[in-house]
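> Just dropping this structure here.
The values are calculated or read from the model by the stated rules, or taken from the named source; none is laboratory data. Remember, predicted model here, so these are calculated numbers, not experimental data. No Cβ is skipped: glycine too gets one built from the backbone with ideal geometry, and neighbour counts run over all protein chains shown. Only protein heavy atoms, including side chains, enter the accessible area calculation; ligands, DNA and RNA are left aside. Shrake-Rupley method; radii C 1.70, N 1.55, O 1.52, S 1.80 Å.
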Amino acid sequence: MPIKVATALVQSHQATLALVEQAIQTAMKKAKVSGANAVLMIVSTHFSPILQEAILAVAHHAKTTQVLGCAANGFFTEENWVLDCPAVAIMVLAGDVQMHLAEQANDQTALLTIAAPKAINAAWLNNGKSRYGGVSGDATGQGKYVVWQNAKGEITGRAEWFISGVDCISQASHGLTFLNAPMGVRLANGFDLTELENQHALAHLNHAWASLSTKSTPLPLHRLMLLYAE
């Protein structure tokens, strides 16, 4: 079977089951399937009062119990983004694309991971597994069913799966862009950076900005940050 993956993101003024149903139906229509192997479902924290009903609605429409997801304050797809309003994002996996429990993965498999803040600890982070994903939660990190898998809330606060049938590439999005490669610090006075290698620090910064910017605009100091490492 071919790879069938599609997403949908819908938002409204109220968190309703109708909005959830619209999201899963839209994603499945885009994927041209009547059922899914698995569903990744992200909802805004506005859905807390009807969260279990929303999860079951997605499982019903997708004809699968493999529903993985979390609640979040903001999220995005390849088409749109949303922040601080009632919204649902769905990704359906069908065709040859499958999701499997982390227990079935080998040591080289990267795990799709979603964790609530209260579920993160050093022993889990350092158990040798490679992971990509994100941290979920409402404003307190204690929301009802903050993380779920198998179409029900996960009491551990963590959900880990891996995807088969497709080659995955994951990258972290920090919202930052490097202006230039790292430079050696030649001269500094406390927190005042004076010279980088053989150039005055401000001249170096102006040159780096000019090489990146497509317009002749001054340095956007409110958008800049300095990274330092030994």
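> Could you work out which residue, out of 220, 86, 117, moves most in a Gaussian network model of the chain, that is, has the largest mean-square fluctuation with Cα springs under 10 Å?
220
> Please get the size of the charge dipole for region 80-230, origin at its Cα centre, with Cβ charges of +1 on Lys and Arg and -1 on Asp and Glu, quoted in debye to the nearest 20.
Dipole magnitude for region 80-230 comes out near 300 debye.
> Starting from the 7 Å offset along Cα-to-Cβ, what nm value, one decimal, do you get for the label separation of residue 186 and residue 127?
That separation, rounded to one decimal, is 5.1 nm.
> Follow-up question, since we're still on this one. Identify which of 113, 177, 156 has the largest mean-square fluctuation in a Gaussian network model of the chain, with springs joining Cα atoms closer than 10 Å.
Taking springs between Cα atoms under 10 Å, the residue moving most is 177.
> Same structure again: Among the listed pairs 63/129; 30/63; 32/152; 30/129; 118/152; 129/152, which have their C-alpha atoms separated by more than 28 angstrom in this model? Don't skip to the answer; put the middle values down first.
Values: 63/129 31 Å; 30/63 16 Å; 32/152 26 Å; 30/129 33 Å; 118/152 18 Å; 129/152 24 Å.
In this structure, 63/129; 30/129 lie more than 28 Å apart at Cα.
> Heavy atoms of the protein only, probe of 1.4 Å, neighbouring chains included. What is the accessible area of residue 107 in Å², nearest 10?
For residue 107, the solvent-accessible surface is approximately 110 Å².
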